[in-house]
Amino acid sequence: MNNVVIIGLGYVGLPLAAAASAAGFSVTGLDRSARVVEGLSAGRSHIDDLGDEDVKHMLENGFVATNDETVLETADTVVICVPTPLTLDGSPDLGAVRSASEAAASRLQRGALVVLESTTFPGTTEDVLLPMFAGRGDVGVDFYLAFSPERVDPGNEQFTITNTPKVVGGLTPACSGKAEEFYSRFIDTVVVAKGAREAETAKLLENTYRHINIALVNEMARVCHEMDIDVWDVIRCASTKPFGFQAFYPGPGVGGHCIPIDPNYLSYAVKSRLGYPLRFVELAQEINSTMPSYVFRRVQDLLNDQGKAVRGSRVLLVGVTYKPNIADQRESPAVDVYAHMTAAGAEVVYFDPMVDDWAPARVSVPKHRDIGDVTDVDAVVVLQHHEGVDLSAMLASGATILDTRGKIDGPSVVRL
Ligand SMILES: NC(=O)c1ccc[n+]([C@@H]2O[C@H](COP(=O)([O-])OP(=O)(O)OC[C@H]3O[C@@H](n4cnc5c(N)ncnc54)[C@H](O)[C@@H]3O)[C@@H](O)[C@H]2O)c1
């Protein structure tokens, strides 16, 4: 168990490749993007959690990035980390998982382990992947198939791949055993699920839990505003309870690859197999996806209080990534806030030290020089707060600020 091929070298696959490489495995990364392969081969990282130095170190340890599928023929372990987006109608798009699995199945050597790490609906490993390996003999004997959810949290320095417990679930006990053996070589704690379905569902439960709790606190923020209650103080007080409460905070909506997307995989599975909706997920979806329009209305109200219309006003959006301290803009709610603002005729500028060029509608938005002087804008909306950004520097200008993250206070600041 030494020759590892990781298919898909993004936010999930690349840190995994780095950890396996550091543990002494011979690691090859297979990615269909020429840009990714060329960049990594030249020692350049394209993700937040790894620097160029880390990639160079991997290359020194023998890591190779390629788009040549024949590398699968000598792999004894294949890990699939390709994207699982949604189709235009909101259903799961397993296109990348299918093509990566087909490539693995067609070239697999006897006795190899294949692990799917892409987030997906329960039953994917058994119902979608297994049939592709039909000509390869018996699962659990001639080859091994398992699912292991990825828990990477981009930007989190405390919990990394090696000290975050890893769940694995195989199609047979022998498959689970092989997967456990593989991950135990570089991950401190490996948790063996009853089977692949339980491992697949555990991931969806984790993300659905976050999605629903964020929706709950977003709805609380809306009603507290209507009732003139400070939701931030409510959360501060509630979170002093040492048991039975976990604090979640309101915001302009949810973003990233996981929270806005994964619960759809669960509701799709429930609806298609059981015939009824997963109501919690659908309600959370409705609340979280309408937060950008809610933020827009709050800005509209603030401008109105100054006797201004949105049309013709200059609005500064501060922080456009989906979470703090990273450059990842995938599914960021800032895009929808921007769309509402521009549709109503506002002139939008942005400030974000993590993002050099922001083009939410394929057109670059002008970047504000700094936030020390915001006298040239009619309203500021804080959508994200990166460490090191001194939001209080804006207070001196007296500009009207809507803070959706509860990070600053002052006479000209209104919180969500
Ligand atoms: N990003 C996260 O924080 C995170 C966390 C947990 C789970 N996940 C899940 O992990 C999976 C991967 O997500 P990601 O964020 O790493 O995606 P990503 O977009 O960052 O990277 C995916 C990579 O796969 C490559 N790829 C796509 N199809 C391919 C194919 N058929 N063959 C070879 N390479 C292919 C792409 O070129 C890209 O480099 C998804 O299912 C996601 O839901 C992501």
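The values are calculated or read from the model by the stated rules, or taken from the named source; none is laboratory data. A quick note: this is a predicted structure, and the numbers were derived from the prediction, not measured. Cβ placement follows ideal geometry from the backbone for every residue including glycine, while neighbour counts extend to all protein chains displayed. Just the protein is used for accessible areas: all its heavy atoms, side chains included, with ligands, DNA and RNA removed. Shrake-Rupley method; radii C 1.70, N 1.55, O 1.52, S 1.80 Å.
Couple of notes before you dig in:
- Prolate/oblate/rounded call for region 203-288, Cα gyration tensor, a/c under 1.5 rounded: prolate
- On a per residue basis, the chain carries 45 Å² of accessible surface, using protein heavy atoms and a 1.4 Å probe.
- Sparse-neighbourhood loop sites, chymotrypsin sites (Phe, Trp or Tyr not before Pro) in region 186-285 - DSSP loop, at most 15 other Cβ within 10 angstrom: 243, 245
- Shape class for region 3-194: rounded, because the ratio a/c of the largest to smallest gyration tensor axis (alpha-carbon atoms, square roots of eigenvalues) is under 1.5.
- Net charge over other residues, Cβ less than 13 angstrom from the Cβ of residue 60 (K, R count +1; D, E count -1): -2
- If you take all other residues with their beta carbon under 13 Å from the beta carbon of residue 13, and give Lys and Arg +1 and Asp and Glu -1, the sum is -3.
- Computed in the context of the full set of protein chains, the accessible area of region 40-191 at 1.4 Å probe radius has 48% of its extent on carbon or sulfur.
- Cα gyration tensor shape of region 290-415, rounded if a/c is under 1.5, else prolate or oblate by comparing a/b with b/c: rounded
- Relative contact order (percent, whole number), region 3-194, Cα cutoff 8 Å, 6+ residue spacing: 18
- Computed over neighbours whose Cβ is under 12 Å from that of residue 313, the net charge equals 0, Lys and Arg +1, Asp and Glu -1.
- In whole angstrom, the chain maps to an equivalent ellipsoid with semi-axes of 43, 24, 19, each derived as √(5λ) from the alpha carbon gyration tensor and ordered largest first.
- Rounded percent of accessible protein surface that carbon and sulfur make up, region 351-416, 1.4 Å probe: 48
- Fraction of beta bridges assigned by DSSP in the chain that are antiparallel (%, nearest 5): 5
- Partner lysines for residue 407 [C-alpha distance under 25 Å; skip if fewer than 8 residues away on the same chain]: 241, 323, 367
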